[in-house]
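Everything below concerns the one structure shown next.
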Amino acid sequence: MHTMPLAETRLPLSSLLRPTAPAPGLRLLDQLGRPLRDLRISVTDRCNFRCTYCMPRDKFGREHAFLPHDEILRYEEIARLARIFRGLGVEKIRLTGGEPLMRKHLDRLVEMLAEIPGLDLTLTTNGALLARHAGALKAAGLRRVTVSLDALDDAVFRSMSDAECSVSEVLAGIDAAAAAGLGPLKVNMVVRRGVNDHQILPMARHFHGSGHILRFIEYMDVGASNGWRMDDVLPAREILARIGAEFPLEAIDRDYPGEVAERWRYADGGGEIGVIASVTQAFCRDCTRLRLSPEGKLFTCLFASSGHDLRALMREERSDMELAAWIGAVWQARGDRYSELRGQAGVRAQKIEMSYIGG
């Protein structure tokens, strides 16, 4: 039995009777006026790493019950939902996990999703399995990948990932993805003060001039398992100060509304970096994302405590119009802004685990 004692939310049947899909050229807006543009699909809750800030081994050990295979959405179900989301205004889908490359034959899903017109299709991975899959993913229609890498020093990397994988294996995956044309490639580093912050400059030096975009992420209070404390957060401004002291930086405008990373480029032409400061500089007001869990629960925030059961409606053989109406109602009722309220009295303590819903 799966051990995720989180509440479910089901909209009443009456909410399905009036389609809420926007007319052509219009956008679905939530309670704060935010449009729906992005969907993150977690294809599995399993991972081959046990990162201390995401899936600490004492909470996700051998006794942990992962989702049974028959509870996970089939690829055909995911593809159907993706087409519906595209019709509701979603422009970008990111495949996540867990570790998405642990899902068998993922290239088949990528091929299905790549057939949807106008969809930007990306994937986030820890990179351990990327070298063997990069070519097939590109051939299937994947556009880009983001690779998580928290240190160049093997001892620090192994301590944080708690996995039998070396930095060289992840770097080989990055090289294979670049060779396959999965770019521009992004590399995400979660920075935890006193743990790996001494790796900021080595990472910057390594990827400077590489053509890859290195992004530094403030350590966040995702889930309920990582023992997060504010003292562990190294603010983005300090990260930028450390890098800027060696590599002068210039600010760059966002690529698109709702982009989570603050962008900077090296003054010497050595490329671009980004910082994701969701703790010290909350960007909830620009959040345009929904998240779909492996078994079809829809979450309106990375820090949500409950999801909406979309799989049940699909397996009740609801029509595409009914599903679109239901999804539209979920988005239009959305008022999430956890990062802006963090620390205030009454803010939810129980949150879904990031390993289950994706980052």
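Below is a table of values for the structure above.
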read-out	value
In segment 315-344, residue modelled with the lowest pLDDT [restricted to those that are among the hydrophobic types (A, V, I, L, M, F, W, C) and out of contact with any Leu (no Cβ under 7 Å at 6 or more places or on another chain)]	Leu341
Extreme residue, farthest from Gly61 (Cα to Cα), among residues of segment 162-175 that are open to solvent by 30 Å² or more (accessible area, probe 1.4 Å) and modelled with pLDDT of 95 or more	Asp175
Among the candidates Val191, Val260, Val195, residue that is within 23 Å of the chain's Cα centre (by Cα) and either part of a helix (DSSP H, G or I) or within 25 Å of Leu121 (Cβ to Cβ) (or both)	Val260
Tabulated pairs, segment 312-329, first among the β-branched types (Val, Ile, Thr), second surrounded by 15 or more Cβ atoms within 10 Å (Cβ to Cβ) and in a helix (DSSP H, G or I), C-beta under 9 angstrom, 6+ apart or interchain	Ile327/Leu81; Ile327/Ile84; Ile327/Phe85; Ile327/Leu310
Scope segment 107-118; condition open to solvent by 10 Å² or more (accessible area, probe 1.4 Å) and in a helix (DSSP H, G or I); matching residues	Asp107, Arg108, Glu111, Met112, Ala114
Residues of segment 258-282 satisfying the condition of being over 18 Å from Met230 (Cα atoms), hydrophobic (A, V, I, L, M, F, W, C) and either without any contact (Cβ under 8 Å) to a residue 12 or more places away in the chain or open to solvent by 10 Å² or more (accessible area, probe 1.4 Å) (or both)	Val260, Trp264, Ala267
Which listed residue, of Leu121, Leu95, Leu137, is part of a helix (DSSP H, G or I) and at negative phi	Leu137
Counted residues, segment 129-161 - those being within 14 Å of Val187 (Cβ to Cβ) and open to solvent by less than 20 Å² (accessible area, probe 1.4 Å)	8
Residue in segment 73-91 that is within 13 Å of Tyr356 (Cα to Cα), open to solvent by less than 20 Å² (accessible area, probe 1.4 Å) and at pLDDT 95 or above present	no
Selection from segment 38-56 of residues that are out of contact with any helix residue (DSSP H, G or I) (no Cβ under 8 Å at 6 or more places or on another chain) and surrounded by fewer than 20 Cβ atoms within 10 Å (Cβ to Cβ)	Pro56
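The values are calculated or read from the model by the stated rules, or taken from the named source; none is laboratory data. Being a predicted model, the structure only gives us computed values, none of them experimental. Methodologically, a virtual Cβ is constructed for each residue, glycine included, from the backbone with ideal geometry; neighbour enumeration extends over all protein chains shown. Surface areas here come from the heavy atoms of the whole protein model, side chains and all, with no ligands, DNA or RNA. Shrake-Rupley method; radii C 1.70, N 1.55, O 1.52, S 1.80 Å.
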